[in-house]
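The values are calculated or read from the model by the stated rules, or taken from the named source; none is laboratory data. It should be emphasised that the depicted structure is a prediction, and the values quoted were computed from it without experimental measurement. All Cβ positions, even for glycine, are placed from backbone atoms using ideal geometry, and neighbour counts span all protein chains on display.
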Amino acid sequence: MKSSAPVILRIPPEQARAALRACLAELDRLGIPARIEGHGHAPVDSEIERVLAFEQRLHRLADAPGARLALPLGPAGEGLVISLDGPSPDADLVLWLDGEAGMGQLERSLVNGHVPLVEFRDAQGQVLAAGLPAIEQPDILGRALVAFHARLATILAMAIDGKARSLPDRRRMREAPTHTTPLEFFLQSTARKVANRIAPSRRRAEHWRIAIRPVTGPFSPEGDHVATGFTLLPDDGARYYADPVLWQDADRNYLFMEEFPYDTGIGCLAFTELGPEGRALFTPRRFLAGPTHLSYPFLFRHAGEVFLMPENAAAGRLTFYRARRFPDLWEEHSVPIPDRALHDATLIEQDGRWWLLANEERGGSSWDTLVIFSAPGPLGPFEPHYAAPMLVDARLARSAGPVIRLGERLIRPVQNCLGGYGRFLRFTEITQLDDRGFEQREIGRLLPEDGLNIAGLHTYARCERFEAIDLLTPRNWRPA
């Protein structure tokens, strides 16, 4: 399907909540006029209604996402009919969630900790676009609905524009539903809110830690691997270190990282040098800081010089820095992408062209939506891929470190963000990266050790001599 017509979203009035405004807002940002109309009827889930009402009183949500919408909403006129309530003979597209038509089970699914797979199918039943959204605030149903509906707009726009993209694998492992009742969901959410108010923040916060180990053999990403044998990079508890990037310069090995001081709450960049066994030769030294959050210090070499491409999505631009004196003195070189808030941007050269893979919020979460740019050289000028966004999948979209060349193969570490940020790491092999599209297939996973109270592992970096990861733990955690 390829159309520039407005869209008409049809939904039972009982399911039309204010959270749907996020869908309208994102469609408007994408230049797609949209209107919501009532169609048919659906039973009212009184338990869900109570949860949303209690949430509104407890959290005082400014946009009241659980409130009913007065329909119709949006400009009148003809357009593509998008059915959100099941098959209809005059619908151009129908929404399916986890293989069921309509939105009837959405709210119960989110209460159960389960994010449904989104599909838009045409009148013949063909899937035109699909995606698996990330939910950053799953313990507040109203907020979860806002995030879901924003990403619903992204996937709908992908279905409308007619560009060829790969579809998420419905068979890949998903999170198991918790079978929580709405009352249990609300009580658990309330308990967390109370605990957050009572407990001192320094005791309750989670803490990223970098760990390093020497390379002991060839890189083998296939299959499941457990992260063992790593040595923690020491920290003083007043900051955490995350997003490790390894850099080899002649016979010296450097570890670059995000430093997050708790007293400022703003990430900056630091480095240290590694000794023969992978231990830091000195406490990480800060080398780049600013008024907005910096992280993921991606490095690359070009024309005999070393360049740095950190994440600075908070500033709404992508900036390159050049080393005036490696590794501790850098100067701003250029702003190749000035108007996009990109997360975890990663460069890779393929077939004589440079490709930049990154994530972008686009009204929803930065955890689930992959965008790609390309350029004739690593410094630009960059052009967005014609089919961007390429992928909406909380399991496979967000980069987790530099792409690794393994012979002729390109191995991409990605974060699994289904059920939480950076829960564990997957390895994918890029099988297509060109002007026509992007394809990758999952080949392995890197998992934290069981029983050690590790909540996440979201970066993998490798050089000739060392591997580095980061682990999410309680702040007072000590390894067994």
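Odds and ends about this structure:
- Pair list, Cβ under 6 Å, 6 or more apart: region 52-69 residue aromatic (Phe, Trp, Tyr) and modelled with pLDDT of 90 or more, other residue buried (at least 19 other Cβ atoms within 10 Å of the Cβ) and not in a loop (DSSP other than H, G, I, E, B): Phe54/Phe186
Conditions tested, residue by residue: (1) small (Gly, Ala, Ser); (2) modelled with pLDDT of 95 or more; (3) assigned by TED's automatic domain parsing to the domain that holds Gly162.
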site	(1), (2), (3)
Gly380	yes, yes, no
Ala388	yes, no, no
Leu396	no, yes, no
Leu410	no, yes, no
Val414	no, yes, no
Thr428	no, yes, no
Phe438	no, yes, no
Ile443	no, yes, no
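- Boolean, Arg35 is buried (at least 16 other Cβ atoms within 10 Å of the Cβ), within 23 Å of Arg362 (Cβ to Cβ) and basic (Lys, Arg): yes
- Residue selection: Arg286 fails the criterion of being part of a strand (DSSP E or B), over 20 Å from Pro381 (Cβ atoms), more than 30 Å from the chain's Cα centre (by Cα) and charged (D, E, K, R).
- Residues in region 240-272 that are over 30 Å from the mean Cα position of the chain (by Cα) and not in a loop (DSSP other than H, G, I, E, B) were compared, and the one that is modelled with the lowest pLDDT is Asp249.
- Residue match in region 81-97 (condition: crowded, with 16+ Cβ neighbours inside 10 Å, more than 18 Å from Ala123 (Cβ to Cβ) and without any contact (Cβ under 8 Å) to a residue 60 or more places away in the chain): yes
- Scanning region 241-255 finds one or more residues that are in contact with a Cys (Cβ under 7 Å, 6 or more places away or on another chain) and among the polar types (S, T, N, Q).
- Per the conditions (1) within 20 Å of the chain's Cα centre (by Cα); (2) β-branched (Val, Ile, Thr); (3) in the same structural domain as Arg252 (by TED's automatic domain parsing), the sole criterion not satisfied by Ile337 is (3).
Rundown of residues vs (1) hydroxyl-bearing (Ser, Thr, Tyr); (2) farther than 23 Å from Gly131 by Cα, yes/no style:
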{"site": "Gly422", "(1), (2)": "no, no"}
{"site": "Thr431", "(1), (2)": "yes, no"}
{"site": "Arg445", "(1), (2)": "no, no"}
{"site": "Leu452", "(1), (2)": "no, yes"}
{"site": "Tyr460", "(1), (2)": "yes, yes"}
{"site": "Glu467", "(1), (2)": "no, yes"}
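- All positions within region 254-271 that are closer than 16 Å to Leu308 by Cβ and among the hydroxyl-bearing types (Ser, Thr, Tyr): Tyr254
- Once region 131-170 is narrowed to residues that are touching a strand residue (DSSP E or B) at 6+ places or on another chain (Cβ under 7 Å), small (Gly, Ala, Ser) and crowded, with 23+ Cβ neighbours inside 10 Å, the residue that is nearest to Val94 (Cα to Cα) is Ala159.
- Of all residues in region 309-326, those satisfying the criterion of being without any contact (Cβ under 8 Å) to a residue 24 or more places away in the chain and assigned to a strand (DSSP E or B) are Thr319, Arg322, Ala323, Arg324, Arg325.
- Checked against the criterion of being farther than 17 Å from Pro244 by Cβ and surrounded by 15 or more Cβ atoms within 10 Å (Cβ to Cβ), the candidates Gly290, Gly304 yield just one match: Gly290.
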